[in-house]
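In what follows, a structure is listed as C-alpha cells, so that the remarks can point back to it.
No value in this document is a laboratory result; all are computed from the given coordinates. In this text the structure is predicted, and so the values were computed from the model without any measurement. In this analysis, Cβ positions are derived from the backbone assuming ideal geometry, glycine residues included, and neighbour counts consider all displayed protein chains.
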Amino acid sequence: MALVLHYHPYSRAAGTLWALEEAGAPYELKVVDIMKGAQKQPAFLAINPMGKIPTLVDSDVVVTESAAIALYLADRYAAGRLAPALDDPRRGTYLRWSFFAPSVVEPAVMAKHGSWDVKEVSAGWGSYSTMLAAAESAIAKGPFVLGEEFSMADVVFGGLLRFLMMFQRIEPTPAFKAYVERLDARPAYQRADARNQAMRKELGLQ
C-alpha cells in the first residue's frame, strides 16, 4: 500500500512532499481543503486530533508533525542513505539539528516577530541572536548538516530556513543563502517543487 500524505500545497505538507521525494517510496496525495476547514471536520480529526497537516498514513501507522514525518520516512525507507544507522556516531548530530529546527529556530523567530515577553533563561529556545549563531554553526563545516553527506536533517533544518527566509522572518545570511541554494539544486527538491506548483494550479490557487 502506498504512503498517503494528507496535504495542501499552501501548508507545511508542501515541505513534506520534498521528504517523500528524497525517501523514494511510492506515495499518494490526499488534498485536504484547508481553505474550507476540512482539517477540522470529524473525518479528519479521527486521523489527527490536532486537525493539522501534514499527516502521513503508512498502513496502520499515523505520523504527524513535519519533522517526525521526515525522520520516520528516512528511518523506514532510506536508512543508511538519508538517516545514519542507530550505532553511527553521526546520529546524534543528525537528531540534534533535526529537532533544533522546530524546537528552537521556529519559536525563537515567532517570539521575535510576535514581541513575546519571555525571559531567555525560561524559554527553551533561548534568544533570537543565540539561535542564529547556533543555526549557522550547524552548517559551518558544510556543505550539509552531516558535512559532505546530505541527510533528512537537511530537509527538516534547511527546509525551515528556506521557508523563513522566503517570508523574511529570518536574516538571509550568506551562509544560510548558500546552504539553501545547495538544497534547491537537489533533483528531489525540484520534483517536489514542481508538483507543489502543479497542485496549486490544479486547485485554482495561482
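Given R0 = 35 Å, the distance between the Cβ atoms of residue 10 and residue 149 translates into a calculated FRET efficiency of 0.65.
Taking a ≥ b ≥ c as the square roots of the Cα gyration tensor eigenvalues, with a/c under 1.5 meaning rounded and otherwise prolate when a/b beats b/c, else oblate, which class fits region 36-119?
Details: a/c = 3.49, a/b = 1.09, b/c = 3.21.
Oblate, because a/c is 1.5 or more while a/b does not exceed b/c.
Would you mind putting 27-38, 116-127 in packing order, based on average other-beta-carbon counts within 10 Å, highest first?
27-38, 116-127
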